[in-house]
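Remarks on the structure that follows.
The values are calculated or read from the model by the stated rules, or taken from the named source; none is laboratory data. Quantities reported herein were computed from a predicted structural model and do not represent experimental measurements. Here the Cβ is made from the backbone with ideal geometry for all residues, glycine too, and neighbour counts use every protein chain on show.
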Amino acid sequence: KLLDERHWTQLAPALEEAREEVFRDIELFNSGGDVPEEKQPLDAGFIEYPRRLLDGAEDALLDRMNESANTLRGDLDHLVLLGIGGSYMGMRALFEALCHPYHNLLDRDERRGMPRLYFEGNNLDNDTARGLLELLRLHCRDKDDLNQRWGIVVISKSGGTLETAAAFRIFREALEQYYGPDSEESRRFVVPITGETGKLRSFSEQRGYGTTFPVPDGIGGRFSVFTPVGLYPAAVLGIDIAELLRGADAMTEAFRSAPVGENPVLDYVATSHLFERECGMTTRILSTWGNRLEACGLWYDQLLAESLGKQEQGATPLTVVNTRDLHSRGQQHQEGTRDKLITNVIVEQPSSRPLPVPTVEEQLNQDQLNRLEGKPLPQLLDAAIQGTNRAYAEDQRPTADLLLPSLDAHTVGQLLQMMMLATVVEGRLIGINPYGQPGVEAYKRNMGEILDGG
Ligand code: PA5
């Protein structure tokens, strides 16, 4: 037995205190009062933002996003999303979890009129940037044909992130060449999402882009998935953004009111924290069961690493996709060093009709699969989950399960909000400010000096 009930009971008061601190943070944030130095930045705005948007705040921002998204989607067949880190990973998570797995390969009708989506500006990769420009050149030759029109959503809170800014120049140049530099399309088909002030904001004003959306002050990049950063492109892709917000808001309410032991946020923090503190499990494996959850895992990797990887502390996150990675990392998780806590993310009901393994004539049964008698893939997956958990348990390797009844906008809203809340609670519990990322500045500074000849 690695831990027993006593450990959870003893941790409960500290967890309650961490939750209260998070709500004191919100009060302080809402009051606009002076924030003590050790709490700066205090980007607690994400916690109540879903409710605020649902209540019509920010000048009915939710409606405005939906309306603009409807228009843009009716005008374009290819959308290039430029952004990095928190300005990219949330939308990628939503896209992979909630859109058709082969979305970009479908015809426009099969995509129900939603544009294809491409991500760029999240690296300095010449080959992918060139590859996308080439693809757009090959597929977009007649700007008057709806199926051949493309546009850009550029997301950068600061407006000063080199990867995104460089990509924006490159893709903007291509767009202006396509539609003509002074055409109204070259303005209409660029939608910047940025802070209230900053380089991209002032450029957008100067260039006369008609549609822009804000990245609110007080919400940091990796906590911004339920602001226009994630919501606007999600709306363009036809994702039900109000339902995402309802899911997120429901999680905030559960976090606010449910006691330890019935509170998904606090219980997740307790499990992760106790296994790290008591058993030295400093690697947190997020074991996603299904390809569509991989990008949610990568989004979480950033959230945990950038929020708590400070002052020589913070667990190391690692996302795996099973059963795929049982055939790669599985060996190490079963028999390697005992520093790993495995949290499964399991979707209970598939979103599509179960696909049975066909039964074949006996002389073609070399693979012996007839014994499965047409069992569907979800049943095979379930056996893999149970079999894996059992194998870990037999070797005293702990696992926890996060169960999603289905994969839809509501449950994804709940899941992502739960992880953001858990991250800030854990930060308060271990005395690390979860907001801000001072360490990221070091490489940027050096890179700037090198490029400037320093
Ligand atoms: O979490 C964060 O704050 C970062 O990952 C940022 O989102 C990332 O660096 C991009 O910043 P910006 O939106 O200012 O371009």
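Condition first: basic (Lys, Arg), touching a residue at least 12 places away in the same chain (Cβ under 8 Å), away from the ligand (no atom under 16 Å from the Cβ) and buried (at least 20 other Cβ atoms within 10 Å of the Cβ). Can you find one or more residues in the range 354-377 that meet it?
Within the range 354-377, not a single residue is basic (Lys, Arg), touching a residue at least 12 places away in the same chain (Cβ under 8 Å), away from the ligand (no atom under 16 Å from the Cβ) and buried (at least 20 other Cβ atoms within 10 Å of the Cβ).
Would you point out the residue of the range 141-164, among those that are surrounded by fewer than 19 Cβ atoms within 10 Å (Cβ to Cβ) and in contact (Cβ under 8 Å) with a residue 24 or more places away in the chain, that is nearest to the ligand (Cβ to nearest atom)?
Ser158
Mind counting the residues in the range 18-48 that are more than 28 Å from the chain's Cα centre (by Cα), not hydroxyl-bearing (Ser, Thr, Tyr) and not in a loop (DSSP other than H, G, I, E, B)?
Number of matching residues: 1.
Can you tell me which residue among Arg108, Arg130, Arg169 is more than 16 Å from the ligand (Cβ to nearest atom), basic (Lys, Arg) and outside any loop (DSSP other than H, G, I, E, B)?
Arg130
Test Gln332 against the stated conditions and say whether it is loosely packed, with under 15 Cβ neighbours inside 10 Å, closer than 27 Å to His273 by Cβ and out of contact with any Phe, Trp or Tyr (no Cβ under 7 Å at 6 or more places or on another chain).
yes
Looking at (1) at pLDDT 95 or above; (2) touching a Ser or Thr at 6+ places or on another chain (Cβ under 9 Å), can you tell me which one Leu355 breaks?
Of everything listed in (1) at pLDDT 95 or above; (2) touching a Ser or Thr at 6+ places or on another chain (Cβ under 9 Å), Leu355 misses just condition (2).
Looking only at residues in the range 18-37 that are among the acidic types (Asp, Glu) and surrounded by 12 or more Cβ atoms within 10 Å (Cβ to Cβ), which one is farthest from His273 (Cα to Cα)?
Asp25
Would you be able to say whether some residue in the range 111-120 is within 16 Å of the ligand (Cβ to nearest atom), under 22 Å from the mean Cα position of the chain (by Cα) and surrounded by 15 or more Cβ atoms within 10 Å (Cβ to Cβ)?
Yes, that holds for at least one residue.
Which residue out of Thr411, Thr423, Thr388 is within 16 Å of the ligand (Cβ to nearest atom) and either in contact with a Leu (Cβ under 7 Å, 6 or more places away or on another chain) or more than 30 Å from Asp4 (Cα to Cα) (or both)?
One residue alone meets the criteria, Thr423.
Every residue in the range 256-297 that is part of a strand (DSSP E or B) and closer than 24 Å to Leu381 by Cα, please.
Those that are part of a strand (DSSP E or B) and closer than 24 Å to Leu381 by Cα: Arg284, Ile285, Leu286, Ser287, Thr288, Trp289.
Name the residues in the range 40-52 that are surrounded by fewer than 17 Cβ atoms within 10 Å (Cβ to Cβ) and either under 17 Å from Ile432 (Cα atoms) or among the hydroxyl-bearing types (Ser, Thr, Tyr) (or both), would you?
Passing the criteria: Gln40, Pro41.
Regarding the range 240-262, can at least one residue be identified that is touching a residue at least 40 places away in the same chain (Cβ under 8 Å), away from the ligand (no atom under 16 Å from the Cβ) and in contact with a strand residue (DSSP E or B) (Cβ under 9 Å, 6 or more places away or on another chain)?
No, the range 240-262 has no match at all.
Looking only at the range 394-428, count every residue that is crowded, with 21+ Cβ neighbours inside 10 Å and in contact with a His (Cβ under 8 Å, 6 or more places away or on another chain) and tell me the total.
1
Please count how many residues of the range 67-92 are crowded, with 24+ Cβ neighbours inside 10 Å and more than 26 Å from Lys143 (Cβ to Cβ).
5
Filter the range 298-311 down to residues that are away from the ligand (no atom under 16 Å from the Cβ) and either within 18 Å of Lys340 (Cα to Cα) or assigned to a strand (DSSP E or B) (or both), then give me how many there are.
Qualifying residue count, the range 298-311: 0.
Determine the pairs where a residue that is in a helix (DSSP H, G or I), located within the range 433-446, has a partner that is within 11 Å of the ligand (Cβ to nearest atom) and β-branched (Val, Ile, Thr) with Cβ atoms under 9 Å apart, the partner being 6 or more residues away or on another chain.
Correct list of pairs: Lys444/Thr161.
How do the pairs read when you match residues in the range 407-429 that are under 24 Å from Ala242 (Cβ atoms) with residues anywhere that are polar (S, T, N, Q), using Cβ under 6 Å and keeping only pairs 6 or more apart or on different chains?
Taking only residues 6 or more apart or on different chains, the pairs are Leu407/Ser351.
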